[in-house]
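Here the structure is laid out as structure tokens; the discussion comes afterwards.
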Amino acid sequence: MKIHQFLEHHGIARNPFAEEDAQTDPVFKDHCILSTYHPTWDKVYGDPAEPATSIVFGQKGSGKTAMRLQLARHLEQYNQQRPEARVYVIHYDDFNPFLDRFRDRLHGRHRRADRVLTQWKLWDHMDAILSLGVTALVDRILEVRRPSQAANGQVSHEALANLDRHQARDLLLLAACYDQSMDEPFGQRWHRLRRKLHFSNWLAHWDLALGCAVTLLLLIAGIWVGVASDPAWVLRLWYVFALVLLAGWAPWLWRLAKNFWRARGILGRMRVGIHATGPLCRVLMQFRGGDLSSQPLPNKDSTDDRYELLMKFQGVLEALGFAGIIVLVDRVDEPHLINGSAELMKALVWPMLDNKFLKHPGMGVKLMLPIELTRFVEREERDFYQRARLDKQNMIASFQWSGEALYDVANARIRACALPQSAPTLRDLLVPELTDQRLIESLRSLRVPRHLFKFLYRLIVDHCAAYTDDVPQWRVSTERWEATLALYLRDQDSFDRGLGAG
């Protein structure tokens, strides 16, 4: 008996349970993302007009990534409805590039995974988040199309005109430090952004013009003296010419030296970036001395300047029509440097659990964390709780699903895959002898949506394999349900103990 025949008999066009990962699940993305919610949805989503932090601890397959995608889709709709007060969304869910760059700056035994992450600090997270946010904003201003930009909408020319000179300077300085695009050369992209912002910088080159003018005048004077005087007199003027030439170039050389060491300081402390000293120094030379004096830069091992840079970024975004920032954090167990280790996940995540950062005005951080980290939370001392203030972070200690909620999820997916004019349910696929009470109890034992999908997919496959096309059976028997469930729960237990693939 073929699976598609069984499904079509019940008015289902495709297998609703073939996918397991929300990232690549078309049924979820096309149908269920706006209609199927976990009971804690309202607490996690909150009110985008007042961005707030939420921390969710959940098992593998419980729907953390699905909730992140739902948050992004709903925030996209929110932005479409309120173009004058949008929320800027940053997806902080791919840690590999930042961890790789961070590790490349270390040497010897410090490159071991456990030692790398012990040196990872809150300001490294802030640098990574600013890198993602600034790079995406520059992409939008320069009209570089990327699929991940949909949630934030467009940046219009009228909005760019709202930036005053100081805000344009702030954006250019943020781009100098944090724009990590590899689509085109760094300097070329920065100059394109400067022209787009109509930021005039010709006064920044007065010292270069002075040096060139002095060189030209000395060359003319040298030729004239050489023609009008004897060679001995020219040789006696050589030292005078050299001193005047050095004096003419001294302001430019002094500014070059300062910007060189400024660039070295940024690259030495901003450990998740990809820039080199030369290109960054050349970009810094495009600013007047007054534009850089007293400005915060990521050139210290502290969060103070990062908070100031974050506030400057928020100021730029506010002028462009973004009233707040939402950072979506997910997949902390997937980086190859962590490889699923709970201790390494803790080393990566714990610096972020800082109340000052999580409660930063105008910013909300949505952390989707593995359930394994809760045991570390329970073991922490008073200092940790005072610093993190988890009681103020909308924390969900366990992202659990009831049997009834899983039943609704299964029905929502079946309806999403239904043929026109059909309204099948999970109950229609089963014999009446399987009671509703037993059905809910069975689904409760599966705990999370991923196990639900795997079990129902295996159930349909096992049922269809037990009958021929000539003698089909259109409902799953109680015996088949119980046998498949027992085998699946055994495999699930092996997976929980780390002895199976799940």
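Read the figures in this text as sums done on the coordinates, not as results from a lab. For clarity, every value in this text was computed on a predicted model and none was experimentally measured. Using ideal geometry, Cβ is built from the backbone for each residue, glycine included, and neighbour counts are taken over all protein chains shown.
Annotations for the structure displayed:
- The calculated FRET efficiency for the pair Glu404 and Glu158, based on their C-beta separation and a Förster distance of 60 Å, comes to about 0.75.
- Peptides ranked, highest mean first, by Cβ atoms within 10 Å: ranges 164-175, 417-428: 164-175, 417-428
- For the chain, the relative contact order works out to 30 percent when only alpha carbon pairs closer than 8 Å and six or more residues apart are counted.
- Remark: segment 281-289, residue by residue, has Karplus-estimated 3J(HN,Hα) of 4, 5, 5, 4, 5, 7, 9, 5, x Hz, where x stands for each Gly or Pro and the curve is 6.51 cos²θ - 1.76 cosθ + 1.60 at θ = phi - 60°.
- Selection from Leu216, His198, Met126, by position along the positive dipole direction of the chain (Cβ): Leu216
- Cα-Cα over 30 Å, subset of Lys43/Lys454; Lys60/Lys300; Lys2/Lys64: Lys60/Lys300; Lys2/Lys64
- Correct option for Cα Rg over 2.2 N^0.38 Å [calculated from the coordinates] among (1) 1.03; (2) 1.31; (3) 1.27: (2)
- When both segment 174-225 and segment 247-324 are represented by their alpha-carbon centers, they are found 16 Å apart.
- Theoretical gain in end-to-end length, Ser293 to Ile223 [0.36 nm per residue, Cα-Cα removed]: 21.1 nm
- Packing order of peptides 454-463, 394-403, 110-119, highest average first: 454-463, 394-403, 110-119 (average count of other Cβ atoms within 10 Å over each peptide's residues).
- Placing +1 on the Cβ of every Lys and Arg and -1 on the Cβ of every Asp and Glu, with nothing else charged, gives the chain a dipole about its Cα centre of roughly 1700 debye.
- Here the contact order of segment 81-208, divided by its residue count and restricted to Cα pairs under 8 Å and six or more residues apart, works out to 28 percent.
- Close amide-amide hydrogen proximity is noted between Leu369 and Val56, Phe57, Gly58, each under 5 Å apart and 5 or more residues distant or on a separate chain (H modeled in the peptide plane; Pro and chain starts excluded).
- Segment 49-65-segment 74-117 distance, computed between alpha-carbon centres (Å): 16 Å
- Residue order, fewest to most surrounding Cβ atoms within 10 angstrom, among Tyr178, Tyr239, Tyr385, Tyr78: Tyr239, Tyr385, Tyr78, Tyr178
- Label positions at Ser200 and His336, each projected 7 Å from the Cα along the C-beta direction, are separated by 5.1 nm.
- Between the residues Cys32, Gly58, Leu71, the greatest Cα displacement towards the positive end of the dipole of segment 1-115, with unit charges on the Cβ of Lys, Arg, Asp and Glu, is found for Gly58.
- Packing-based ranking of 291-297, 16-22, 438-444, 55-61 yields 55-61, 16-22, 438-444, 291-297, ordered from highest to lowest mean Cβ neighbour count within 10 Å.
- The chain - mean residue ellipticity at 222 nm from DSSP helices (-39,500 (n - 2.57) per run, n ≥ 4, rounded to 500): -17000 deg cm²/dmol
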